[in-house]
């Protein structure tokens, strides 16, 4: 895997043109198709400056929460956004198929808080001092 | 639970409580804002999602308490900008008292499925405020 700037450049190029398939934090391929991308951005224009970072959120999240309602996985990554959203996480929702072996990005948006719902599947812990 | 994990969870909970306290405090003028700006409605049949949006263009973030109603607020002022009910049938099963209002708003939105259409705000103020108020309370 390249450095973060390299990864950003690569994912920007791919996501801006074609959508993408990326291997997520759990080693499962997750796809965002082009038509879905266009729909996301029409409904949530605030995500447009950050949409190219969705693959990074899936590969290297700060937190992953499984929804109690529908079993979708919510991937969160903070500290990638600028004012007025600087305190927000990029939140990407994935539905898995085929016994959880592959996933699809259902939606994504900016969010500042995490409701105490569902099951936390992964969290980044602060470095030990 | 590991102490570091517990600390992260405490921080997340504090952020969550603070966010919703700010949303409640910032929206005491919600009725006036709905009547002043008007609202747009959109129903996405494929996703069974009903969206209500104030007719103003401002930056937004989305928050939820139940994974059914998503509250769109300005990321700095926490003023309400819209409401999204994801899974309308699930929502109505959990909140049957909202069915009459939801059906009236759905009838307006179904004029153009998948697109935002203006809701006559005076005639529908009570229905709009039912959902907007619940989202900001």
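The values are calculated or read from the model by the stated rules, or taken from the named source; none is laboratory data. Keep in mind that this is a model prediction, so the values were computed, not measured. Cβ atoms come from the backbone with ideal geometry, glycine included; neighbour counts cover every protein chain shown.
Scan region B:104-137 for residues that are surrounded by 12 or more Cβ atoms within 10 Å (Cβ to Cβ) and in a helix (DSSP H, G or I) and report the count.
16
Any chance region B:76-87 includes a residue that's facing chain A (nearest Cβ under 8 Å) and at pLDDT below 95? Before the answer, list the steps.
Taking region B:76-87 and keeping what is facing chain A (nearest Cβ under 8 Å), we get B:76, B:87.
Subsequent filtering for residues that are at pLDDT below 95 retains B:87.
Yes: one or more hits.
Would you say residue B:57 is without any contact (Cβ under 8 Å) to a residue 12 or more places away in the chain and part of a loop (DSSP other than H, G, I, E, B)?
Spelling it out, residue B:57 is indeed without any contact (Cβ under 8 Å) to a residue 12 or more places away in the chain and part of a loop (DSSP other than H, G, I, E, B).
Give A:114, A:105 a once-over and let me know the one that is surrounded by 15 or more Cβ atoms within 10 Å (Cβ to Cβ), part of a strand (DSSP E or B) and touching a helix residue (DSSP H, G or I) at 6+ places or on another chain (Cβ under 9 Å).
Of A:114, A:105, the one residue that is surrounded by 15 or more Cβ atoms within 10 Å (Cβ to Cβ), part of a strand (DSSP E or B) and touching a helix residue (DSSP H, G or I) at 6+ places or on another chain (Cβ under 9 Å) is A:105.
How many residues are under 22 Å from residue B:32 (Cα atoms) and in contact with a helix residue (DSSP H, G or I) (Cβ under 7 Å, 6 or more places away or on another chain) if we restrict to region B:67-84?
Of the residues in region B:67-84, 8 are under 22 Å from residue B:32 (Cα atoms) and in contact with a helix residue (DSSP H, G or I) (Cβ under 7 Å, 6 or more places away or on another chain).
Taking the residues in region B:56-69 that are more than 12 Å from residue B:136 (Cβ to Cβ) and at pLDDT 90 or above as candidates, determine which candidate is farthest from the other protein chains (Cβ to nearest Cβ). Steps first, answer last, please.
Just the residues of region B:56-69 that are more than 12 Å from residue B:136 (Cβ to Cβ), to begin with: B:56-62, B:64, B:66-68.
Then drop every residue that is not at pLDDT 90 or above, which leaves B:56-62, B:64.
Details: B:56: 13, B:57: 9, B:58: 9, B:59: 5, B:60: 6, B:61: 5, B:62: 5, B:64: 6 Å.
Among those residues, the one meeting the criterion is B:56.
Condition check: buried (at least 21 other Cβ atoms within 10 Å of the Cβ), away from chain A (no Cβ under 11 Å), at pLDDT 90 or above and in contact with a strand residue (DSSP E or B) (Cβ under 8 Å, 6 or more places away or on another chain). Does residue B:52 satisfy that?
yes
Give the residue, chosen from A:49, A:55, that is in contact (Cβ under 8 Å) with a residue 24 or more places away in the chain, more than 10 Å from every other protein chain (Cβ to nearest Cβ) and surrounded by fewer than 16 Cβ atoms within 10 Å (Cβ to Cβ).
A:49
Across region B:27-52, what is the total count of residues that are touching a residue at least 60 places away in the same chain (Cβ under 8 Å) and assigned to a helix (DSSP H, G or I)?
Looking only at that region, the number is 4.
Of the conditions (1) within 11 Å of another protein chain (Cβ to nearest Cβ); (2) in contact with a strand residue (DSSP E or B) (Cβ under 8 Å, 6 or more places away or on another chain), residue A:80 fails just one. Which one is it?
Of the numbered conditions (1) within 11 Å of another protein chain (Cβ to nearest Cβ); (2) in contact with a strand residue (DSSP E or B) (Cβ under 8 Å, 6 or more places away or on another chain), the odd one out for residue A:80 is (1).
Kindly list the number of the only condition in (1) buried (at least 18 other Cβ atoms within 10 Å of the Cβ); (2) not in a helix (DSSP H, G or I) that fails for residue B:23.
Here residue B:23 clears every test but (2).
Since residue A:55 meets every condition but one in (1) touching a helix residue (DSSP H, G or I) at 6+ places or on another chain (Cβ under 6 Å); (2) modelled with pLDDT under 90; (3) closer than 22 Å to residue A:86 by Cα, which condition does it not meet?
Among (1) touching a helix residue (DSSP H, G or I) at 6+ places or on another chain (Cβ under 6 Å); (2) modelled with pLDDT under 90; (3) closer than 22 Å to residue A:86 by Cα, the lone unmet condition for residue A:55 is (2).
Among what's in region A:85-102 and is in a strand (DSSP E or B) and within 13 Å of another protein chain (Cβ to nearest Cβ), pick the residue that is surrounded by the fewest Cβ atoms within 10 Å (Cβ to Cβ). Break it down into steps so the answer makes sense when it comes.
First pass over region A:85-102, keeping only residues in a strand (DSSP E or B): A:89-97, A:102.
The next check asks that each one be within 13 Å of another protein chain (Cβ to nearest Cβ); those that pass are A:89-93, A:95.
On the way: A:89: 25, A:90: 25, A:91: 24, A:92: 29, A:93: 18, A:95: 15.
Only one residue fits best here, namely A:95.
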